[in-house]
Amino acid sequence: MPSISIKGKNMPESPIRKLVPYAENAKKRGIEVFHLNIGQPDIKTPDCALKAIKNNTVEVLAYSRSEGSEVYRSKIADYYAKNNINVTANEIIVTTGGSEALLFAMGSITDPDDEIIIPEPFYANYNGFSIASGVNIVPVISKIEDNFALPAISEFEKLITPNTKAILICNPGNPTGYLYSKEEIKKLAEIVKKHDLFLIADEVYREFVYDNVQHQSVLSGFGLENHAIIIDSVSKRYSMCGARIGCLVSKNKDVINTALKFAQARLSPPTFAQIASEAALETPQSYFDEVIVEYKDRRDILVNELQKIDGVKVANPKGAFYCVAELPVDDADKFAQWLLEDFNIDNKTVMVAPAAGFYSTKGIGKNQVRIAYVLKKEDLITSVAILKAAIKKYNAN
């Protein structure tokens, strides 16, 4: 029998999606499942994006340019200008989601067995992208006790080798919700310039910042024109996860020219989704103002309720819509599956994402979970109450 590749065998399961069959079975048994496991916003997609599809008169659904529609890229550049990021349409490549943008970035700057340093925990799919690209992730551990702040720069220095090509951050962070300060980005800028590395910044949660703190983009005045690569997406910003439109942004011409060759190889990003995403750029500021207030309220409720549970340790996120909680359980994977298979209160249970999959260091995060606060406030309160009762019963078994 023919065998599959080592790379295929090493591809990790998604810690976010691997429990879906258990959740579906629970629903078939009549159990209501509160989904705290996945960052699928329940916020309505802006009307302007939906109307652009409904009212469209396209008769031939043709290819777009490989780098994306020029009109759309020009409008993205205008959006960035409003956020103190000065780029042109030619410094943007539209991709099939932020995922493809990251794959293009890795393909453009790394060769097999090159290394990328990433503060962990990090977005779980970075593990999969690195394996698919033949890249080795070198983790530098951030700690829940420090609210997942940037590790000391000396820790990065220890890990840099001749094979190191980049440092990758997610800002604000998934799964931690941590928002890097201006001083932290400045320190990263200094180290990548010192060692001639790239700084890749996944900024898809740029709009989701709280407590009157400002997001700091790597292309906003840090002198990283030759070093910075931004990964972006419409998925969370406009609650358009199914559109699968993102972009790669860089002022480094070699990066853009190389990424374009990868874009040409997959022909073009989806046309209808670009139409919707272009229209979404007309979303009024009031939409975001309301969303931020809602998510801040949800964060405050979730964190406050979790802090009431004995033995639970929770980081307080400043951005995105996730938090990481450390639970008094032996194994969060087993606990998450048990929640779906063997536990309910009044035919209700919760689904969480075990956090071990957000680390590349084995054995770290074993009793942690990522919780997405993308549910209504009353559902979050109910969910934490279920979680509290579940922890008590699980530990009594």
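The values are calculated or read from the model by the stated rules, or taken from the named source; none is laboratory data. Bear in mind the structure is a predicted one, so any value in this text is a computation, not a measurement. Cβ: placed from backbone, ideal geometry, glycine included. Neighbour counts: every protein chain shown. Side chains are part of the model used for accessible areas, which takes the heavy atoms of the whole protein and leaves out ligands, DNA and RNA. Shrake-Rupley method; radii C 1.70, N 1.55, O 1.52, S 1.80 Å.
For region 146-166, residues that are open to solvent by 10 Å² or more (accessible area, probe 1.4 Å) and either without any contact (Cβ under 8 Å) to a residue 40 or more places away in the chain or touching a helix residue (DSSP H, G or I) at 6+ places or on another chain (Cβ under 7 Å) (or both) total 12.
Condition first: charged (D, E, K, R) and within 26 Å of the chain's Cα centre (by Cα). Now tell me which residues in region 323-358 satisfy that. Let's see the steps before the verdict.
If we filter region 323-358 for residues that are charged (D, E, K, R), which is where we start, we get 326, 330-331, 333-334, 341-342, 346, 348.
Scanning region 323-358 gives GLU326, ASP331, ASP333, LYS334.
Each row is one residue, and each column tells you yes or no for (1) open to solvent by 40 Å² or more (accessible area, probe 1.4 Å); (2) without any contact (Cβ under 8 Å) to a residue 12 or more places away in the chain; (3) small (Gly, Ala, Ser); (4) farther than 23 Å from LEU103 by Cβ.
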residue	(1), (2), (3), (4)
ILE185	no, no, no, yes
ALA189	no, no, yes, yes
TYR205	no, no, no, no
SER217	no, no, yes, no
ILE229	no, no, no, no
CYS241	no, no, no, no
ILE245	no, no, no, no
SER250	no, no, yes, no
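Against the condition surrounded by 19 or more Cβ atoms within 10 Å (Cβ to Cβ), basic (Lys, Arg) and either in contact with a helix residue (DSSP H, G or I) (Cβ under 8 Å, 6 or more places away or on another chain) or more than 19 Å from TYR80 (Cβ to Cβ) (or both), how does ARG266 come out, does it pass? So ARG266 does not fit the description; no. For region 285-308, residues that are part of a loop (DSSP other than H, G, I, E, B) and either crowded, with 19+ Cβ neighbours inside 10 Å or in contact with a Phe, Trp or Tyr (Cβ under 8 Å, 6 or more places away or on another chain) (or both) total 0. Would you pick out the residues in region 337-355 that are aliphatic (A, V, I, L, M) and either open to solvent by 60 Å² or more (accessible area, probe 1.4 Å) or more than 14 Å from ASN25 (Cβ to Cβ) (or both)? Residues satisfying the conditions are ILE345, VAL350, VAL352, ALA353, ALA355. Return the residue satisfying two criteria in turn: it lies in region 58-89 and is open to solvent by less than 30 Å² (accessible area, probe 1.4 Å) and β-branched (Val, Ile, Thr), and of such residues it is farthest from THR271 (Cα to Cα). Filtering region 58-89 for residues that are open to solvent by less than 30 Å² (accessible area, probe 1.4 Å) and β-branched (Val, Ile, Thr), the one farthest from THR271 (Cα to Cα) comes out as ILE85.
How about region 181-211: which of its residues are of a type in the set (Phe, Trp, Tyr) and touching a helix residue (DSSP H, G or I) at 6+ places or on another chain (Cβ under 8 Å)?
Within region 181-211, the first condition is being of a type in the set (Phe, Trp, Tyr), and the residues that meet it are 198, 205, 208, 210.
Residues satisfying the conditions are PHE198, PHE208, TYR210.
Taking region 319-332 as the search range and keeping residues that are in contact with a helix residue (DSSP H, G or I) (Cβ under 9 Å, 6 or more places away or on another chain) and either open to solvent by 50 Å² or more (accessible area, probe 1.4 Å) or in a strand (DSSP E or B) (or both), which one is nearest to LEU375 (Cα to Cα)? Only one residue tops the list, namely CYS323. In region 118-141, the count of residues that are open to solvent by 20 Å² or more (accessible area, probe 1.4 Å), outside any loop (DSSP other than H, G, I, E, B) and among the acidic types (Asp, Glu) is zero.
Among residues of region 344-367 that are closer than 11 Å to ILE386 by Cα and part of a loop (DSSP other than H, G, I, E, B), none has a beta-carbon under 8 Å from a residue that is open to solvent by less than 50 Å² (accessible area, probe 1.4 Å) and among the aromatic types (Phe, Trp, Tyr) at least six positions away or on a different chain.
Does region 369-387 contain at least one residue that is of a type in the set (Gly, Ala, Ser) and over 24 Å from the mean Cα position of the chain (by Cα)? Checked against the condition, which is being of a type in the set (Gly, Ala, Ser) and over 24 Å from the mean Cα position of the chain (by Cα), region 369-387 yields at least one hit.
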